[in-house]
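The values are calculated or read from the model by the stated rules, or taken from the named source; none is laboratory data. Quick caveat, the model's predicted, so the values are computed rather than measured. Backbone-built Cβ (ideal geometry, glycine too); neighbour counts: all protein chains shown.
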Amino acid sequence: MYRQLFFWTFLFLIPSLAMSQTWGQAQKSKTATLDVYWFTSVPFIYEEQGQLKGLEYDLLMEFTEYLKETHGVELSTRWVEAESFHSILDIMKNPEKPNILGASAFSITEDRKQYLNFSEAYLPDITVLVTGQGTPIARTYQELKEMLDGRVAVTIKGTNYENLLRNLKDQLNIDFETLHIHSDQNILDNIAEDENRFGFIDLPIYLMLIKKGGDLTRQNLYNVRGTGYGVTMPKSSDWQTPFNQFLSDPRYHEKVGLIISRYLGAELYEFIENLYGGTEIGTSILTKEKELQLALIKNANLKLQKDRNVKRVLILGITFVSIFLGVIGFLFFKNRRNTRLLVMQKDQIEEQQNDIRQKNEQLMNRNMQLIALNEEKNVLMKVFAHDLRSPLGHIIGLSDFLNAHAEQMSEEDKELLTQIGTGAKRINQMISKILDVEVAEGARSIVLREQVDITQITQDIVSRYRAAAAQKSIEIELMHRHGDQIIETDHMLLFLVLENLVSNAVKFSNAKTRVRLETERQEGAVLFKVCDQGPGFSEEDRSLLFNRFQKLSAKPTGGEQSIGLGLSIVKKYVGDLGGKVWLETPNGTGSTFIVSLPV
């Protein structure tokens, strides 16, 4: 009896296991089924005459052939149409089984990666800002703000387009209405209905519109380069592994390119692939728009010449075939009307071409001005740093002289004199780094690899700020946890990072509180923690924490000066050292900054 019960239970479970099959199980059973949730997004995936089409549909069909050829796995796909674009994300976020995928032109974003997986990008993701027909091209962000104020933004709920509109509103402080359309509708068609509308759209879709003779305006100030488009899957899914292998397989890479070219056109696909790695995106897009419009003009001229030839044939035919005079006359006047329409279109395209040429010249002039201003800034910075060397040399010389004749000084005075000389020498080292050509041009700082004693450097920092802390009745603690105290890094950059954090802790803490500097050795990293009992940071402060010249809500408690550079310096130098820095603290309960350096 028990054997029969086990047998029927096993038969009942077999379909259930197949339905929730992972990639690991598929490799063993050599068969699998994937449920693909999709929603209309032309040309990525859509239905035409009851048949699914689109580059993502063909991509997954090619993936099926890849699994059969390379792994011997027979894959079946069940295509499930979702209620909306956003509902696919909800399904991936709360999956009932691991063998599901999502396809609807999903942009790979950091927000979405928090709750779902993506395949590697199969196509670069560049988004442009498009306004209504006849809208002028804004030359500055102020002009763009004035133009978009009070207009209507068209977008699809839950998409990256909506996030970009939200960022645009916050960045430029613009007040506009938002029109949410269904995700199977076309944003560009909705913008074209009213010159008062605007919105974000993918670059391939916009260029396909231009290629067909569309007349919307792209604002060159907003060209957003994303991570790319990918296929989505739940966090628990392991189907990411074979799909990424498929995309990176040289034998199938060419096939993927042919699929995308089939829907975008080989010319646009090649242009987007080459554009994504470049730096002058706006200029390259302007050039491509000009090429497409020139092609339209050329085609219009060819059509016009062809119509003229037809007209001549018709005129000659009238003289020889009088019986068809009425028919020929009708065709003649019909072609005459078409010719006038083509001439009008040709004139409009030439006018647009002249406008693009003028805007291109304006962009080139503006770029030359920016280059000149940047060079002037670099020269001023070098002169300023160079002029500081002379007084610093005097300070270092005087401190060395006083150290040589310090027999009559107390130990405390000797310590202060040593700190003055060391501080002046450290500033002199910083100036030498600034004067380095690559650093002055905005490149990474020069990082030295040297043996650094964690105990010595932290004790040095604490001793430097113990007197300033004592004036405010603040106690500074130093704590070392287990582990080797010698690491290989740049002594000066690490000193500057910890000094800025300890200085801020003392500066913004109230009297009779405690500041603690901790070190902790972990596997593959060493952590430095600077903890204080200050006012902490608000949510608004956190978003601006590491920006340059950014003064936050907290104020120094002892009348000290703050220009808002300390944390930005910490962020840069920690990055140069190959580490990370972050804040871990609830609101209003003090601050804990953590620096993690690799070892």
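Flag set for Ala470, criterion: assigned by TED's automatic domain parsing to the domain that holds Lys507, hydrophobic (A, V, I, L, M, F, W, C) and either surrounded by 12 or more Cβ atoms within 10 Å (Cβ to Cβ) or at pLDDT 75 or above (or both). Among the residues of segment 81-105, which ones are of a type in the set (Lys, Arg) and touching a Phe, Trp or Tyr at 6+ places or on another chain (Cβ under 9 Å)? The one that is of a type in the set (Lys, Arg) and touching a Phe, Trp or Tyr at 6+ places or on another chain (Cβ under 9 Å): Lys93.
For Ile210, the stated conditions hold: it is in contact with a Leu (Cβ under 6 Å, 6 or more places away or on another chain), outside the structural domain of Gln25 (by TED's automatic domain parsing) and hydrophobic (A, V, I, L, M, F, W, C).
Among the listed residues Asn360, Asn367, Asn354, which satisfies the condition of being in contact with a helix residue (DSSP H, G or I) (Cβ under 9 Å, 6 or more places away or on another chain) and at pLDDT 80 or above?
Asn360
Residues that are at pLDDT 80 or above and buried (at least 18 other Cβ atoms within 10 Å of the Cβ) occur in segment 560-570; there is at least one. Just to be sure before I move on: is Gln25 surrounded by fewer than 19 Cβ atoms within 10 Å (Cβ to Cβ), more than 24 Å from the chain's Cα centre (by Cα) and at positive phi in the structure I sent? So Gln25 fails the test. Taking the numbered list (1) assigned by TED's automatic domain parsing to the domain that holds Asp576; (2) aliphatic (A, V, I, L, M); (3) modelled with pLDDT under 90; (4) over 26 Å from Asp413 (Cβ atoms) in turn, Val437 passes all entries but (1). Of all the residues in segment 175-198, those that are farther than 15 Å from Ser41 by Cβ and not in a helix (DSSP H, G or I) number 12.
Listed by first and then second residue, the pairs with beta-carbon distance under 6 Å, at least 6 apart or on different chains, first residue in segment 158-170 and over 19 Å from Lys93 (Cα atoms), second surrounded by fewer than 17 Cβ atoms within 10 Å (Cβ to Cβ), form an empty list. Within the bounds of segment 229-247, is there any residue that is within 26 Å of Leu172 (Cα to Cα), at pLDDT 80 or above and touching a Leu at 6+ places or on another chain (Cβ under 8 Å)? No, every residue in segment 229-247 fails to be within 26 Å of Leu172 (Cα to Cα), at pLDDT 80 or above and touching a Leu at 6+ places or on another chain (Cβ under 8 Å). Please determine whether any residue of segment 47-62 is closer than 22 Å to Ala121 by Cβ, surrounded by fewer than 17 Cβ atoms within 10 Å (Cβ to Cβ), modelled with pLDDT of 90 or more and not basic (Lys, Arg). Yes, the conditions are met somewhere in segment 47-62. Scanning segment 225-266 for residues that are in contact with a Pro (Cβ under 9 Å, 6 or more places away or on another chain) and over 28 Å from Tyr161 (Cα atoms) gives a single hit, Asp238. Within segment 531-538, at least one residue is out of contact with any Pro (no Cβ under 9 Å at 6 or more places or on another chain), more than 21 Å from Arg426 (Cα to Cα), crowded, with 16+ Cβ neighbours inside 10 Å and at pLDDT 90 or above.
Of all residues in segment 166-180, none are among the polar types (S, T, N, Q), over 19 Å from Phe271 (Cα atoms) and crowded, with 20+ Cβ neighbours inside 10 Å. Checked against the criteria, Thr77 counts as closer than 28 Å to Gln27 by Cα, in the same structural domain as Leu264 (by TED's automatic domain parsing), in contact with a helix residue (DSSP H, G or I) (Cβ under 7 Å, 6 or more places away or on another chain) and not aliphatic (A, V, I, L, M).
Checking each residue in segment 507-544 for being assigned to a strand (DSSP E or B) and of a type in the set (A, V, I, L, M, F, W, C) picks out Val515, Leu517, Ala525, Val526, Leu527, Phe528, Val530, Cys531. For the residues Gly213, Gly150, Gly226, the requirement of being small (Gly, Ala, Ser) and closer than 17 Å to Ala105 by Cβ singles out Gly226.
Would it be correct to say that Thr279 is at pLDDT below 80 and surrounded by 12 or more Cβ atoms within 10 Å (Cβ to Cβ)? Full working, then the answer.
Values: at pLDDT below 80: yes; surrounded by 12 or more Cβ atoms within 10 Å (Cβ to Cβ): no.
Against the criterion (at pLDDT below 80 and surrounded by 12 or more Cβ atoms within 10 Å (Cβ to Cβ)), Thr279 does not qualify.
Taking the listed residues Phe332, Phe320, the one that is modelled with pLDDT under 85 and in contact with a helix residue (DSSP H, G or I) (Cβ under 8 Å, 6 or more places away or on another chain) is Phe332, with no other qualifying.
Of all the helices (runs of 4 or more DSSP H) wholly in segment 28-145, which have at least 3 residues that are hydroxyl-bearing (Ser, Thr, Tyr) and in contact with an Asp or Glu (Cβ under 9 Å, 6 or more places away or on another chain)?
55-70
Filtered by the rule that a residue be closer than 13 Å to Leu517 by Cα, surrounded by 14 or more Cβ atoms within 10 Å (Cβ to Cβ) and at pLDDT below 90, segment 473-490 gives a lone residue, His480.
Filtering segment 149-160 to residues that are modelled with pLDDT under 90 and either part of a strand (DSSP E or B) or surrounded by 20 or more Cβ atoms within 10 Å (Cβ to Cβ) (or both) leaves Ile156, Thr159, Asn160. Leu247 fulfils the conditions (1) within 23 Å of Ser41 (Cα to Cα); (2) touching a strand residue (DSSP E or B) at 6+ places or on another chain (Cβ under 6 Å) except for a single criterion, (2).
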